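The values are calculated or read from the model by the stated rules, or taken from the named source; none is laboratory data. Owing to the predicted nature of the structure, the values given are computational and were not obtained by experimental measurement. Ideal geometry is used to build each Cβ from the backbone, glycine not excepted, and the neighbour counts take in all protein chains shown. Quick note on the areas: whole protein, heavy atoms, side chains included, nothing else; ligands and nucleic acids left out. Shrake-Rupley method; radii C 1.70, N 1.55, O 1.52, S 1.80 Å.
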Amino acid sequence: MSLYVYGVVAPGHPVPAGRAGVGAGPVRLLTTGPEAPAAVVGGAPAGLRARRRDLTAHQELLVALAADGPVLPMRFGVVLPDEAVLLDQLATRRSAYERALERVAGRVEMNVKALPPQGEAALAQLLAEETGLRAMRDRGLRRPGYEASVRLGQAVSDALERRARFAAERVRRSLVPLADRWCDGPQVEGCVLNVSLLLDREAEAAFRAEADRLAAALAGRAELLLTGPLPCYSFVPAEAPTSPAPHRAAV
């Protein structure tokens, strides 16, 4: 039977009692020995797809696992053909898993996104501070027309993005020093910043307070979205479990 892989945990890590996984199936540990890292696995449902209920089950299980100790989380949809493939990887990559688990022990991932602000208040602030745009707006009011409206709309959009990018650099400079590690995430449409940060659980409150302070200080220039605490997706080693021809769920 194919195995659905949720992540890798340290020896002796508990599996949350009564917690169902993807497809509402049970989950268990698979390991090469009592002192070795273990994989959290379950049966792979037939016709696996990225349905909301399964995405939620995957995420909630990883959050529950992370509450009890370090976990190297897999992205949704990692399926291996059988136990033998996974046991071989756990054995050959044991030292890499042990180092990675030590690196994320006692830590959480926080994700910060920044995007240009929306709404009338942001536009009013932009026009109050940008004399060139204000003059363009005034000319359009005196001599309205389609082309003038398009030019003004593009100029406003460009200015909002430019200001948001400057604000995002301030966010980066302020938050990155609070983390043990950080990495840029993939480009997200509409965002000018997407950064993930690894920090001590005990530092989460201070991190949130600084993020809130920045959000207030940069109001009208950028909108900040803070997500977390998350399992440490962005800090999983390259040696994460894969098959020679890995299966991933259809989206």
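Using a Gaussian network for the chain with springs between C-alpha atoms less than 10 Å apart, which of these wobbles most: V85, V195, V41?
V85
When all alpha-carbon pairs of segment 64-112 are counted, what percent fall beyond 16 Å?
On the way: 640 of 1176 pairs.
Looking at segment 64-112, the distances longer than 16 Å represent 54 percent of pairs.
So what J values fall out for segment 184-194 if you push phi through Karplus, 6.51 cos²θ - 1.76 cosθ + 1.60 with θ = phi - 60°, rounded to Hz, Gly and Pro as x?
Per-residue couplings from phi come out as 6, x, x, 5, 10, 4, x, 9, 9, 8, 9 Hz.
Taking all pairs of different Cα atoms in the chain, averaging 1/r and flipping that mean, what Kirkwood radius in angstroms comes out?
Values: mean 1/r = 0.0482 Å⁻¹.
Hydrodynamic radius (Kirkwood, Cα only) of the chain equals 20.8 Å.
GluC sites (Glu not before Pro), restricted to segment 135-224: which are DSSP loop and have at most 13 other Cβ atoms within 10 Å? List each step's numbers first, then the result.
Details: sites: E147, E161, E169, E189, E202, E204, E210, E223; in loops: E189.
Those that pass, being in a loop and sparsely packed, are E189.
Express the relative contact order of segment 30-142 as a whole percentage, based on alpha carbon pairs under 8 Å and six or more residues apart in sequence.
Working: 48 pairs, mean separation 30.6, N = 113.
It rounds to 27 percent for segment 30-142.
At 1.4 Å probe size, with every protein chain present, just tell me what the per residue accessible area of segment 122-180 comes to in Å².
Details: 3870 Å² over 59 residues.
On a per-residue basis, segment 122-180 sits at 66 Å².
Accessible area per residue of segment 50-101 at 1.4 Å probe, in Å²? Spell out each step's value before the answer.
Numbers: 2430 Å² over 52 residues.
That works out to 47 Å² for each residue.
Amide H neighbours of V78 under 5 Å, at least 5 residues apart or on other chains, H built in the peptide plane: list them.
Those lying under 5 Å, H to H, from V78 are V5.
What is the spread of the Cα atoms of segment 1-107 along each of their three principal axes, largest first, in whole Å?
Its Cα atoms span 34, 29, 21 Å along the three principal axes.
When the label point is put 7 Å from the Cα of A50 along its Cα-to-beta-carbon vector, which residues of segment 100-115 have a backbone N closer than 12 Å?
What the label zone holds, given the 12 Å backbone N cut-off, is no residue at all.
Does anyone have the angle between helix 204-217 and the longest principal axis of the chain? Alpha-carbon axes, 0 to 90°, nearest 10?
Around 20 degrees separate the two axes.
Quote the convex hull volume per residue of segment 168-237, based on C-alpha atoms, as a whole number of Å³. Working shown, then result.
Values: hull volume 6.2 nm³, N = 70.
Spread over its residues, the Cα hull of segment 168-237 gives 89 Å³ apiece.
Given contacts defined as C-alpha pairs under 8 Å and at least six residues apart, what's the relative contact order of the chain, whole-number percent?
Working: 420 pairs, mean separation 68.6, N = 251.
Contact order relative to length: 27 percent.
Counting only protein heavy atoms, what percent of the accessible surface of the chain is carbon or sulfur at a 1.4 Å probe? Display every interim value, and only then the final one.
Details: 7040 of 13280 Å².
Accessible surface attributable to carbon and sulfur in the chain totals 53 percent.
Roughly how compact is segment 90-204, stated as its Cα Rg over 2.2 N^0.38 Å to two decimals?
Numbers: Rg = 21.6 Å, N = 115, 2.2 N^0.38 = 13.4 Å.
Compared with the compact-globule rule of thumb, segment 90-204 sits at 1.62.
Over segment 102-233, what is the mean sequence separation of C-alpha contacts under 8 Å (at least six apart), divided by residue count, expressed as relative contact order in percent?
Values: 171 pairs, mean separation 64.7, N = 132.
Relative CO of segment 102-233 lands at 49 percent.
In whole Hz, what ³J(HN,Hα) sequence does segment 41-57 give by Karplus (6.51, -1.76, 1.60; θ = phi - 60°), x for Gly and Pro?
Each residue of segment 41-57 in turn: 9, x, x, 8, x, 5, x, 4, 9, 7, 7, 4, 5, 6, 4, 5, 4 Hz.
With n ≥ 4 as the cut-off for DSSP H runs, can you work out [θ] at 222 nm for the chain, using -39500 (n - 2.57) per run divided by the number of residues, rounded to the nearest 500? Before the final figure, lay out the partial values.
On the way: 7 runs with 102 residues, N = 251.
-13000 deg cm²/dmol, from helical runs alone.
Give the angle, between 0 and 90 degrees and rounded to the nearest 10, that separates the Cα long axis of helix 131-142 from the longest principal axis of the Cα atoms of the chain.
In the chain, helix 131-142 runs at an angle near 60 degrees to the longest axis.
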